[in-house]
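Visitor: The structure is given below, and queries will be raised subsequently.
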Amino acid sequence: MYDGKYIIPGLIVFVALMTFPIWKNMGNAGIVPKPEKPVGVTKCVESAQYMRTSHMKLLDDWRDETLRDGDRTPVEVDGVKYEKSLMNGCLKCHTDKKKFCDECHVYASVKPYCWDCHYVPKETF
Amino acid sequence: MDIKRRQFLKVAGLSTIAGLGAPAAFNLLLKGGPDTVSYASSGGEAEASHEAAPTGVRLGMVIDQRVFDANKGLAQKCTTACHTVHNVPNFGNKKDEIKWIFEVPFEKAFTGKSQYHKNKNLEDSSFLVLCNHCDNPPCVRACPTKATFKRKDGIVAMDYHRCIGCRFCMAACPYGMRSFNWRDPRPFIDQKTHNKEFPTRMRGVVEKCNFCVDRLARGQQPACVEACGNTGAMTFGDLNDSHSEIVKLLDNNFTIQRKPSLGTNPSVFYIV
């Protein structure tokens, strides 16, 4: 190989630079989102695990039930009634969108369009 | 299996004919005729017939124009009440205007009526118009995504999540009761009076009167009816309930509907 003394170190430097993000973060899971839970409330309408994975499905179901079927009976958990609504239900407990919703949505880089229409509590738009 | 090629073909042919023909024959015999053509169904019962449904709830409204003529400014009050409750933006220009309920002169509300020698009372009276919540709504049929649909109680509602902004419904509505959000409505909603319990809309969706479904669910009257107070200018109720106030009004007064000849069966009636 001609000019091997240049090419091989060059390749090594190139590979080292390209893989820099991998070994820089080796063994480190990164910043894990910590959504702030509402104070003084211990139970949600479903288990935390279900809410974590399927809250979007639940919201869609609620929307169709209330709007299309006209079924607005509140969800009752341990004697507490929750309105089937994002603005008038969920956000009554989870009052801080930035510390709750955005925490994971930013981490997962998802951009739900809820807030194009629905109000965030104490919002100034 | 001792079967000849010729026999096999005979049996196969006969079974094919039987399989294809039997369901069709059954349908013809049992239903007494071929089905009427059903267009892309997006309303279910909505397009079933051109007659008012005799059973079930059908919400409707009676607007008493005599009261509105006697109380100038009442109609404006209704409009303001509605637009405040539903966060309807005010863009300040006619082109982008969003309207759920508004006033128009007689000839614009009732285009089919002859205008030669108009009644003196009608000359300076303006009529409140809103979505008619038709029993046979053309907008529902036009909507390609089922974003607009007819509920069991007769309300023609909208799901803004599904609206793609194609505006077929606006073209289909013979009353012009739908408005399109050409711009982001948020900055044009009065921040002092807006309703925090009700969402806004986003750019690119169509909107219209929803007969206050959310208020009805809470046991309240529609916002415009409430704004009229006890003047009796607007009455809301079930058109199929023979004991309801609205049916008594319809029984005792001559009422007109907007463009009844189109067969949409509006649920809003006017006492002129």
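Visitor: What lysines sit close enough to A:LYS43 to cross-link, taking a C-alpha to C-alpha distance under 29 Å and skipping anything fewer than 8 places away on the same chain?
Guide: Filter leaves A:LYS34, A:LYS57, A:LYS81, A:LYS84, A:LYS92, A:LYS97, A:LYS98, A:LYS99, A:LYS111, A:LYS122, B:LYS196.
Visitor: Next question, about the same structure. How long is the protein assembly as shown along each principal axis, judged by its Cα atoms, biggest number first, in Å?
Guide: 104, 86, 56
Visitor: For chain A, what does the helix formula give at 222 nm: sum of -39500 (n - 2.57) over DSSP H segments with n ≥ 4, over the residue count, nearest 500 deg cm²/dmol? Mind dumping the intermediate values first?
Guide: Working: 4 runs with 47 residues, N = 125.
Here the helix-only value at 222 nm equals -11500 deg cm²/dmol.
Visitor: Lys/Arg Cβ at +1, Asp/Glu Cβ at -1, dipole of the protein assembly as shown taken about the Cα centre: which of B:ILE246, A:TYR113, B:GLN221 is farthest positive-ward?
Guide: The Cα lying farthest towards the positive end belongs to A:TYR113.
Visitor: For the residue pair B:ILE17 and B:GLU123, what label-to-label distance in nm results when each label sits 7 Å from Cα along the Cα-to-beta-carbon direction?
Guide: 7.9
Visitor: Averaging sequence separations of C-alpha pairs under 8 Å and six or more residues apart, then dividing by the length of chain B, give the relative contact order as a whole percent.
Guide: 28
Visitor: If each DSSP helix of 4+ residues adds -39,500 (n - 2.57) and the sum is divided by the residues in chain B, what number results at 222 nm, nearest 500 deg cm²/dmol?
Guide: Calculated at 222 nm, the ellipticity per residue is -8000 deg cm²/dmol.
Visitor: While we're looking at this one, here's another question. In debye, nearest 20: dipole of chain B around its Cα centre with unit charges on the Cβ of K, R (+) and D, E (-)?
Guide: So the dipole magnitude of chain B works out to roughly 1040 debye.
Visitor: List, largest first, the extents of the alpha carbons of segment B:121-199 along their principal axes, each in whole Å.
Guide: 44, 39, 26
Visitor: Now for a different question. Exposure proxy check: B:CYS209, B:CYS163, A:CYS104 ranked by fewest other beta carbons within 10 Å?
Guide: A:CYS104, B:CYS163, B:CYS209
Visitor: Based on the Kirkwood radius over alpha-carbon pairs, what is the Stokes-Einstein translational diffusion coefficient of chain A at 20 °C with 1.002 mPa s viscosity, in µm²/s?
Guide: It diffuses with D of about 116 µm²/s by this estimate.
Visitor: Also: Can you tell me the convex hull volume per residue for segment A:48-116, based on C-alpha atoms, in Å³ to the nearest whole number?
Guide: Convex hull of Cα atoms, per residue: 103 Å³.
Visitor: Here's something else I'd like to know. Rounded to whole Hz and in sequence order, give me ³J(HN,Hα) for segment B:137-154 from the Karplus expression 6.51 cos²θ - 1.76 cosθ + 1.60, θ = phi - 60°, writing x for Gly and Pro.
Guide: x, x, 5, 5, 5, 7, 5, x, 10, 6, 6, 10, 8, 9, 7, 4, 8, x
Visitor: Of all alpha-carbon pairs in segment B:67-224, indicate the percentage at a distance above 21 angstrom.
Guide: The proportion of pairs with Cα distances above 21 Å equals 50 percent.
Visitor: Gap in Å between the Cα centre of segment A:51-103 and the Cα centre of segment B:209-266?
Guide: 31
Visitor: What longest region of chain B stays clear of GluC sites (Glu not before Pro) that DSSP places outside H, G, I, E and B and that have at most 16 other Cβ atoms within 10 Å?
Guide: For GluC sites (Glu not before Pro) (loop position, at most 16 other Cβ atoms within 10 Å), the longest site-free span of chain B is B:98-196.
Visitor: Computed over the Cα atoms of chain B, what is the convex hull's projected area averaged over all directions, in nm²? Display every interim value, and only then the final one.
Guide: Details: hull surface 90.4 nm².
Orientation-averaged projected area of the Cα hull: 22.6 nm².
Visitor: Take each of the peptides B:219-225, B:190-196, average the number of other beta-carbon atoms within 10 Å over its residues, and list them starting from the highest.
Guide: In descending order of packing, they fall as B:219-225, B:190-196.
Visitor: Cβ under 12 Å from B:GLN257's Cβ, B:GLN257 left aside: what net charge do those residues give with Lys, Arg +1 and Asp, Glu -1? Working shown, then result.
Guide: Details: positive: B:LYS113, B:ARG258, B:LYS259; negative: B:ASP135.
My count for the surroundings of B:GLN257 gives +2.
Visitor: Hey, got the Cα dimensions of segment B:87-144 along the principal axes, in Å, largest first?
Guide: 43, 33, 17
Every read-out reported here was derived from the displayed coordinates using simple, explicitly stated rules and does not represent laboratory data. As the structure is a prediction and not an experimental result, all values here were calculated from the model. Cβ sites come from the backbone with ideal geometry, for glycine too, and all protein chains shown count toward neighbours.
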